[in-house]
1. List MET398, MET331, MET368 from most exposed to least, where exposure is judged by having the fewest other Cβ atoms within 10 Å.
2. Using only Cα atoms, locate the centre of the stretch 158-179 and the centre of the stretch 121-150, then give the distance between them in Å, rounded to an integer.
3. Using alpha-carbon positions, what is the distance between the centroids of the stretch 305-365 and the stretch 205-233, in Å?
4. Computed from these coordinates, which is percent of Cα pairs over 29 Å apart: (1) 46; (2) 52; (3) 57?
5. Is there a pair in LYS179/LYS302; LYS104/LYS280; LYS148/LYS302; LYS302/LYS360; LYS184/LYS369 whose C-alpha atoms are over 19 Å apart, and which pairs would that be?
6. Apply the Karplus parameterisation 6.51 cos²θ - 1.76 cosθ + 1.60, with θ equal to phi minus 60°, to every residue of the stretch 99-104 and state each ³J(HN,Hα) to the nearest whole Hz, in sequence, with x for glycine and proline.
7. Going highest first, how would you order 275-286, 242-253, 33-44, 301-312 by mean Cβ packing within 10 Å?
8. So what J values fall out for the stretch 132-143 if you push phi through Karplus, 6.51 cos²θ - 1.76 cosθ + 1.60 with θ = phi - 60°, rounded to Hz, Gly and Pro as x?
Amino acid sequence: MADKVGNNSNNKFDVIVVGAGPAGTTAGYILAKAGLDVVLLERGAYPGAKNVLGGIFYTTILNRLIPNFWEEAPVERHIKGIQIFLLSETNAVSIGVESEEHNKPPYNNSFTVSRAKFDQWYAKKAEEAGAFLITNTVVDDLLWENNKVVGVKARGGEGDIYADVVIAADGVNSLLAQKAGLRKDFRPRQVSLGMKEVIELPREVIEERFHLSGNEGVELKYMAGDATKGIWGGGNIYTNLESLSVVVWVALESLMERKLKVTELMEQFKDHPFVRNYIKGGKTVEYQAHLAPDGGYDFTPKYYTHGLLIAGDAARFLNASIHYEGTNFAMASGEAAANTVLAARTKGDYSEKSLSYYQKLLNKSFVMKDLKRYRKMNRFAEANPEFFDAYFNAITQMAVDYFAINELPKRQQELRMLKRFRSALRHFHADGSGKIHRHNRLTRAFFRTFPLVRFLWQCLKGAISSI
């Protein structure tokens, strides 16, 4: 494809898209279908070579662009249900949701995929629509003219490539967003670190172990607690056709403060009593690690300037709540970027004012609405670390006590359960683990005396942060 650029007059295109992930390929596909001259630049040897996905690819946008895509795309399993766990060292509380409706098209728009396979297929669709894909191409800088982006400076033989507008979908560490002055260097609290192992198991073992038929799949989601040793984050198990994707992700700043290694957390997670039986007998065939944007709406950069749009992880579009959705945010932003370019093209105007239409489209979509809704989650997790540590331990123990079988009358058993719960909270605050040192002396004394009040207050704050 490099020859395509070489043969292009003055290396000039209508649009340059940097990054052949979900955001960039979506933009490239839409623009190429509309008849624009589009070049899609990918730094990996092939699309997906350097991309990491926890497990589920959300496909609301994709199914609208390519109806019934699952009939030809290299998907693994559709997700028919989810089970959510709260873990302590020895206990677990879980709730599950499954639906037969999720076994019917469009399968709740949720599939497990291998990004190495899926991204190649999707980029091929963009090529079929008319986009030029160039791999093994690192973009080092933007080209400017009269304070407007007019192209990119690519490493190697591609050299300088020009366009009316550039869409940067170059990932969470977006060099182009930084070069354009649209983002500053990250602080540790603005990113999370994820680690993934792909564990190979026979298909029949997976289907028997997880009670699946055909191409059905499930997600097991472990919310903080002992899954991450009390750090804000979580663990996941996703079912593929002949493997499991096992993931641990944690807030980077908390990981650094606790002086832990994510590899250690992964090994502890895999050895947990309520995890290890799901993966036993499996063989790890792949390791991956990835930084992801965290912090939500309050840490998103400006998404546009003269001749430039930022999409996907580069714009920090990820819903880091209990839903933890990213691929649908990426594709929605890629679609909005493409539609912004099409609108600008009709006017022949790629100025910052013209490209601000991108912001209007994002504001109308679920992207900005969900980012704004969960903007307080990160701050709540940061300010209330005990909620994801001792409180999870106390809650799971209370559930175990409630269902314990013994010779106590149920009323007496329930009173003992509440007493143990309150005692666990009081001990937690008394030894300083609850970080109530942030409050004045009177407030600290009150919380130590009435730990249930603090617990209920934090539950209320947690609920408010997700409304």
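1. Final ranking by Cβ density, sparse to dense: MET398, MET368, MET331.
2. Computed from Cα coordinates, the inter-centre distance equals 8 Å.
3. After rounding, the separation between the Cα centres reads 33 Å.
4. Read-out taken from this structure: (2).
5. The pairs that break the limit, which is 19 Å between Cα atoms, are LYS104/LYS280; LYS184/LYS369.
6. 3J(HN,Hα) across the stretch 99-104, in whole Hz: 8, 5, 4, 6, 8, 10.
7. Peptide ranking by packing, descending: 301-312, 242-253, 33-44, 275-286.
8. In residue order, the calculated couplings are 9, 9, 10, 9, 6, 10, 9, 9, 9, 6, 9, 9 Hz.
Read the figures in this text as sums done on the coordinates, not as results from a lab. On a predicted model such as this, the values are computed, not experimentally measured, just so you know. Don't worry about glycine lacking a Cβ; one is built from the backbone with ideal geometry, like all the others, and counts go over all protein chains shown.
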